[in-house]
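A short worksheet on the structure shown next.
The values are calculated or read from the model by the stated rules, or taken from the named source; none is laboratory data. All of these numbers come straight from a predicted model, not from anything done at the bench. Every residue, glycine among them, receives a Cβ derived from its backbone with ideal geometry; neighbour counts consider all protein chains shown.
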Amino acid sequence: MPTVIALTRFGPPEVLRPLRIETPRPGPGQALVRIRAAGVNPVDCKLRRGDFAGTDPAGFPQRLGNEFAGTVVALGPDVPADGAVAVGADVVGSATAQAYAEVLVVDTAGLVVKPPPVPWEMAAGLPAAGQTAHTALSQLGVGPGDVLLIHAAAGGVGTIATQLACELGARVIGTAGEHNHDYLRSLGATPTTYGPGLLDRVRALAPDGVDVVLDLVGGEAVTTSLALVQDRHRIGTTVDRRAVEEHGVLRVGGRSLPALREIVGKAATGRLTLPVRTFPLREAVAAHRLVESGHVRGKVVLTV
């Protein structure tokens, strides 16, 4: 019987437990995937804590995990065996709160073939961060000559957004702790420290102004952004719903299969990098502790 990581109540990381399940069977249009690695995201921690319990009640046990990389081991009855997603194919994809697992049933339409040069751990961190970064930059219209400020540029979404924006011809200013400044420089960004005085530091780095902002933090980061950019449709946030409602900034991000294909292709050719910190599946508690510390460079991934 395969193992999944689940919680039987909301709470701290310690509520996560291994749970044995029956091996699921793929239905029409589905594949059974043996998971090799699964990404851990801040939203997983919020779900585990019960941050959304008031508006999205869920029964228990409850599972987590929205992205994965693995190998197809079985197909549903109507999936062509000679297609790109065949038995034995290595794939990358998204799931909804179920990827912390040894096996997973998913729709084949949402899978992208993993090229051999992309390591399993890196591949598992690409769907959420990659799709979010790609679609956010598109929604904000980032292009050549733009000065783009990214709040929390050293995290998973920030890492990929920085590289994509530089490739588009934008100049990127990224906020991060000082220990990540050399890392941001290696990605092509100009680093600066977050916290008090950020507005003045950004203005000193961009005396001609900032054109667009990608906020991955919320709160004071949005306040700073509003003082830098007049066009609120060029300020995007992935996390701050209140800023969207009160200030009219854009809620950005989302899933796009063409975006995922492009991201995976860039990773395969070395045009995109994503540092990964790994934990075995059964050490999901430690992985959640690290994500909640707020000091992750790149992504945290569970390996199976």
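The helices (runs of 4 or more DSSP H) found entirely in segment 220-274 that carry 2 or more residues being more than 25 Å from Arg203 (Cβ to Cβ) and out of contact with any Leu (no Cβ under 8 Å at 6 or more places or on another chain) are 241-247, 257-268.
When Leu257, Leu272, Leu250 are checked against the criterion of being within 30 Å of Ala101 (Cβ to Cβ), in contact with a strand residue (DSSP E or B) (Cβ under 8 Å, 6 or more places away or on another chain) and touching a residue at least 24 places away in the same chain (Cβ under 8 Å), Leu257 stands alone in meeting it. A single member of Thr193, Thr278, Thr223 is farther than 26 Å from Val40 by Cβ, out of contact with any Cys (no Cβ under 7 Å at 6 or more places or on another chain) and not hydrophobic (A, V, I, L, M, F, W, C), and it is Thr223.
To keep it simple, each residue is scored yes or no on (1) exposed (fewer than 13 other Cβ atoms within 10 Å of the Cβ); (2) over 15 Å from Thr96 (Cα atoms); (3) out of contact with any helix residue (DSSP H, G or I) (no Cβ under 8 Å at 6 or more places or on another chain); (4) modelled with pLDDT of 95 or more.
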residue	(1), (2), (3), (4)
Leu19	no, yes, yes, yes
Pro26	no, yes, yes, yes
Val33	no, no, yes, yes
Gln62	no, no, no, no
Asp78	yes, yes, yes, no
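Across segment 110-117, a minimum of one residue is classified as buried (at least 17 other Cβ atoms within 10 Å of the Cβ) and part of a strand (DSSP E or B). The number of residues in segment 150-174 that are among the β-branched types (Val, Ile, Thr) and either out of contact with any strand residue (DSSP E or B) (no Cβ under 8 Å at 6 or more places or on another chain) or more than 15 Å from Ala206 (Cβ to Cβ) (or both) comes to 4.
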